[in-house]
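The values are calculated or read from the model by the stated rules, or taken from the named source; none is laboratory data. Quick caveat: nothing in here was measured; it's all calculated off a predicted structure. All Cβ positions, even for glycine, are placed from backbone atoms using ideal geometry, and neighbour counts span all protein chains on display.
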Amino acid sequence: MRDRSPRLRYVLVGAVACALLVAGCSSGKPVKFDTQAFATAIFQPDQFILAGIGLTVSISVISQFIGIVLGVFGALGRLSRRRPARWLSAAYLWVFRGTPLLVQLVFFYFGLGAVHLYDWNAIDVAGITIPGAIQAGIFALGLNEGAYMTEIIRAGILSIDPGQMEAAKSVGMTYGQAMRRIVLPQAARIIVPPLGNEFNNMLKTTALLFVLGVQELYNTFVIKQGNNFLPFEMYLACALWFLLLTTIWGFFQGWMERRLARGTAGSEASSGPGLGRRLFGFRNQEPDVAVVSGGR
């Protein structure tokens, strides 16, 4: 099989060049575009771009995991019969859904550091040094995501027939056992689609860590355009890298939804929208399936 990467490269660069030509003709001014720098940033990324991609994905995965764990506890708190648990969970949602994520980032890193409540010193984990800015970013992203995951997981739990819990208790299971073995596994099919959307958003939200000086994908291209004075080419390349990451995740999310839909009634219809509809809004022939949304 022939390597199609050169052909893809020519198509992509040609499409950008045509768009620039049309823009230049409409404005009456010549458009300067460094094709070589753009193509190199996309098809021959250097170690700084690859490091930025790796850091973006790593921060997204860790922050999303923290958000899921907090979301489970938050949802159980919202559904608890104990008032203190419900009040604590409600206060958590009120604060983190009611304030901008950017404000939360600078508050936790610069605010806490300024009054020395926590100085975010670098730590070593498995021989890897993690700077304080990355720690603060993961902490803030995880807390913010947990507030949205709380409502997603709570809605997933409420979608399960209450008789499932009663049946589990009737055979001697405790509340915790029933949740882990009966309710949450069934709720996963409802939770996964909006969870996938949240992780898609998390990948893009990592760009906000630029304000903390974290050299993730966006900040890497900010530095590059400052060095070569090619902001249009570099920011366009940055956008395409983010688009690639979210597209890859779209494939993986669709696979997860199909796996969870196996063995259920109407599994073909409930396997979720196809990739074309997920990315571009194309219609499928199968009936729509309602999913729970975190509601940002």
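Laid out as a table, the results:
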quantity: Residue that is nearest to Met234 (Cα to Cα) [pool: residues in segment 40-56 that are surrounded by 12 or more Cβ atoms within 10 Å (Cβ to Cβ) and either touching a strand residue (DSSP E or B) at 6+ places or on another chain (Cβ under 7 Å) or of a type in the set (S, T, N, Q) (or both)]; calculated: Thr40
quantity: Test: Asn219 is closer than 18 Å to Thr56 by Cα and at pLDDT 95 or above; calculated: yes
quantity: Candidate set: segment 141-172, residues that are over 13 Å from Leu76 (Cα atoms) and among the small types (Gly, Ala, Ser); chosen: the one surrounded by the most Cβ atoms within 10 Å (Cβ to Cβ); calculated: Gly142
quantity: Cross-chain or 6+ apart pairs with Cβ under 9 Å, segment 65-84 first and assigned by TED's automatic domain parsing to the domain that holds Met179 and closer than 22 Å to Phe139 by Cβ, then among the aromatic types (Phe, Trp, Tyr) and surrounded by fewer than 14 Cβ atoms within 10 Å (Cβ to Cβ); calculated: Gly77/Trp87
quantity: Residue within segment 137-152 that is more than 27 Å from Thr247 (Cα to Cα) and not in a loop (DSSP other than H, G, I, E, B) present; calculated: no
quantity: 1 or more residues among the acidic types (Asp, Glu): qualifying helices (runs of 4 or more DSSP H) within segment 153-209; calculated: 162-170, 184-205
